[in-house]
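To start, the structure itself, in structure tokens.
The values are calculated or read from the model by the stated rules, or taken from the named source; none is laboratory data. Note that the coordinates shown come from a computational prediction; the quantities given were computed from them, not determined experimentally. For neighbour counting, all protein chains shown are included, and Cβ atoms are generated from backbone atoms with ideal geometry for every residue, glycine included.
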Amino acid sequence: MRTFMLTAAMSLASVSGNAAGTAEPSGAQAVQAILNRTLAAHGGAERLRVAAGFSFELSGGFYAPLQARGYQPPFEPMPFQGRYVFDWAGSTSMVESKTVFPGGYTVHTRELGGKEPKVFDLHRHAYSRSASLGQTANAFRFHPLLLLRQLSRSDAELTDGGTDTFFERPVHRLQARWPGLASAIEVMIDQETMLLAGYRLPRSYALQPQGMNKVRFLAYQDQAGLRLPTRITGETLAMPRLGFEMTLADQKLGPVSLGDSASSAAGYIETPPESALAPHIRELAQDVYLVEHLGGQDYASLVLVFDDWVAAVEAPLNEKATTELLAAIQRIAPGKPLKTMILTHHHDDHAGGLPAVVDQGIGVLAPQGAEATLRAIATANRPGQSLSFDGIAPDSKRVLADKHHQVEIYNVSGNPHAEQILTIYLPSEKLLFQADMFTNHELQQSNGPANAGGIAFVRWLKAKGLAPERIAGAHGTVASRADINLMLKAAGESLRL
């Protein structure tokens, strides 16, 4: 790989030939020549430089094939819609997105970029976030024109990576960095068309620290003098993997107006980001607690207090969120040791905090099929430390009990969300805790229809003769049987819990 570095010379003005400068090394000239040709192939550097704005829409779905080994597609999708508007003349932007998460609830988020960046979240909080216009929602990941603007920044550092192949196509490879980008991005430019074919971007991934994102821009078409893609696909090149498939539509280069979207929405509470969702402890029954809003997000863990010790369910998100959970447990049951951390399944948002569990020497109880993945996570994040693992076999049951408490833990096998996933049931309270198969959100006007995972889970509950009155979740809030039945009805199912 050639390592000539080109810095501070790559503004849109310079690549269009309007900037004077001294002679550059041949390596830097090669990089600039490749970028010039790419800008020209997409419609011209000058058009991008003088454009007042740009907007487009995305629709499609994220796919999480994060199943135990041997599980086959089709995988459960998370439908997604997004609208991206960049008013470059006014130095403002707006990204509005809607994602349907596992369990059947919808999250709407609006992010404004500019002098006063702000995020409006589903919990009706508005908080500032330091994000430059080009970094708003990392939108450059979803469109080549936005990526080209980032590559053409005066402070971008570009390195010639030579030639490569990308999905069996010969490409030029440029490595790029700019302020605010956590790690270098490898940009792939098709040697034949000189269009952006896609990129590879290292991902800091809780489960596999060496993960890599690979994104493709596909089905280019001529639109108003521009060459623009109409499809984008991507995946994380690690195990487990996360993929997406999107359609690009309504792409417009020129003046835009954010209109009322640029103003603060009515009814939102202004709050600093670190306190927007502080952890909250809710007592569900005697010695049973739900610790909500972990990691500043919509994640909750169940805490079970026994006579002499404590068990908790989930190590959510990352070490920070799980450390918050450990601190909450100390407030709930001071002096009692946390002996068992129950992981419902091995998806990243439920096991990302595993390193903090390993640090404390806490035993892990999880589906038997998750052992290899969890041990790999522990080894990657805490080399030299051992993971105390205990697995529940498929279609098996484990009981945790003492003189005053009894908790039943089942390994639900064959669910569409995960090949093996645990559910926790307290028979004395008719209270059940589950993850991702149902989500009841208190701020959603009407809960979405049950998805395939939830429908299969209700069938499993009925086959086992379990009839919980309350269903708590790792996401959302506590649902009643009536709530679950409404979700089933909305899905067109005659099945009822």
>> Could you tell me how many of the residues in region 224-245 are modelled with pLDDT of 80 or more, loosely packed, with under 15 Cβ neighbours inside 10 Å and either assigned to a strand (DSSP E or B) or out of contact with any strand residue (DSSP E or B) (no Cβ under 8 Å at 6 or more places or on another chain) (or both)?
In response: 2
>> Cβ contacts < 8 Å: first residue assigned to a helix (DSSP H, G or I), restricted to region 352-365; second residue at pLDDT below 95 and basic (Lys, Arg), any location; separation 6+ or different chain. Result?
In response: 355/382; 358/382; 359/382
> Within region 368-396, can you find the residues that are under 22 Å from residue 321 (Cα atoms) and not in a helix (DSSP H, G or I)?
Replying inline: 382, 383, 385, 386, 387, 388, 389
> What tally of residues in region 375-405 results from selecting those that are over 25 Å from residue 355 (Cα atoms), among the polar types (S, T, N, Q) and loosely packed, with under 13 Cβ neighbours inside 10 Å?
Replying inline: 0
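With under 13 Å from residue 472 (Cα atoms) and surrounded by 21 or more Cβ atoms within 10 Å (Cβ to Cβ) as the only criterion, which of 300, 312, 285 stands out? Working first, answer last.
Numbers: 312 fails: under 13 Å from residue 472 (Cα atoms); 285 fails: surrounded by 21 or more Cβ atoms within 10 Å (Cβ to Cβ).
Every option except 300 fails the conditions.
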> Do you know which of the residues in region 451-472 that are surrounded by 17 or more Cβ atoms within 10 Å (Cβ to Cβ) and within 20 Å of residue 300 (Cα to Cα) is nearest to the chain's Cα centre (by Cα)?
Replying inline: 453
> When region 136-164 is examined, which residues are found to be part of a strand (DSSP E or B) and within 19 Å of residue 217 (Cα to Cα)?
Replying inline: 163, 164
>> Filter region 269-319 down to the residues that are aromatic (Phe, Trp, Tyr), modelled with pLDDT of 95 or more and within 19 Å of residue 435 (Cβ to Cβ) and list them by number.
In response: 289
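Every residue, every condition in (1) out of contact with any Ser or Thr (no Cβ under 9 Å at 6 or more places or on another chain); (2) among the hydrophobic types (A, V, I, L, M, F, W, C), yes or no:
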| residue | (1), (2) |
| --- | --- |
| 280 | yes, no |
| 305 | yes, yes |
| 309 | no, yes |
| 316 | no, no |
| 330 | yes, no |
| 347 | yes, no |
| 351 | no, yes |
| 354 | no, yes |
>> Being among the small types (Gly, Ala, Ser) and at pLDDT below 95 is the filter here; which residues of region 395-423 pass it?
In response: 413, 414, 418
> Take the residues of region 330-357 that are surrounded by fewer than 23 Cβ atoms within 10 Å (Cβ to Cβ) and of a type in the set (A, V, I, L, M, F, W, C): which is farthest from residue 307 (Cα to Cα)?
Replying inline: 356
> If you take the residues of region 424-440 that are among the aromatic types (Phe, Trp, Tyr) and modelled with pLDDT of 95 or more, which of them is surrounded by the most Cβ atoms within 10 Å (Cβ to Cβ)?
Replying inline: 433
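Taking the criterion of being in contact (Cβ under 8 Å) with a residue 24 or more places away in the chain, in a helix (DSSP H, G or I), more than 20 Å from the chain's Cα centre (by Cα) and assigned by TED's automatic domain parsing to the domain that holds residue 296, would at least one residue in region 331-351 satisfy it?
The initial filter retains those residues of region 331-351 that are in contact (Cβ under 8 Å) with a residue 24 or more places away in the chain, namely 331-333, 336-351.
Pick out the ones that are also in a helix (DSSP H, G or I) and you get 331-332, 348-351.
Still in the running and more than 20 Å from the chain's Cα centre (by Cα): 331-332.
Retained after the next criterion (residues that are assigned by TED's automatic domain parsing to the domain that holds residue 296): 331-332.
Taking every residue of region 331-351 in turn, at least one turns out to be in contact (Cβ under 8 Å) with a residue 24 or more places away in the chain, in a helix (DSSP H, G or I), more than 20 Å from the chain's Cα centre (by Cα) and assigned by TED's automatic domain parsing to the domain that holds residue 296.
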>> When you check residue 266 against the structure, is it over 25 Å from residue 31 (Cβ atoms), exposed (fewer than 14 other Cβ atoms within 10 Å of the Cβ), at pLDDT below 80 and over 24 Å from the mean Cα position of the chain (by Cα), yes or no?
In response: yes
> Is it the case that some residue within region 167-174 is in contact with a strand residue (DSSP E or B) (Cβ under 7 Å, 6 or more places away or on another chain) and either modelled with pLDDT under 90 or closer than 22 Å to residue 62 by Cα (or both)?
Replying inline: yes
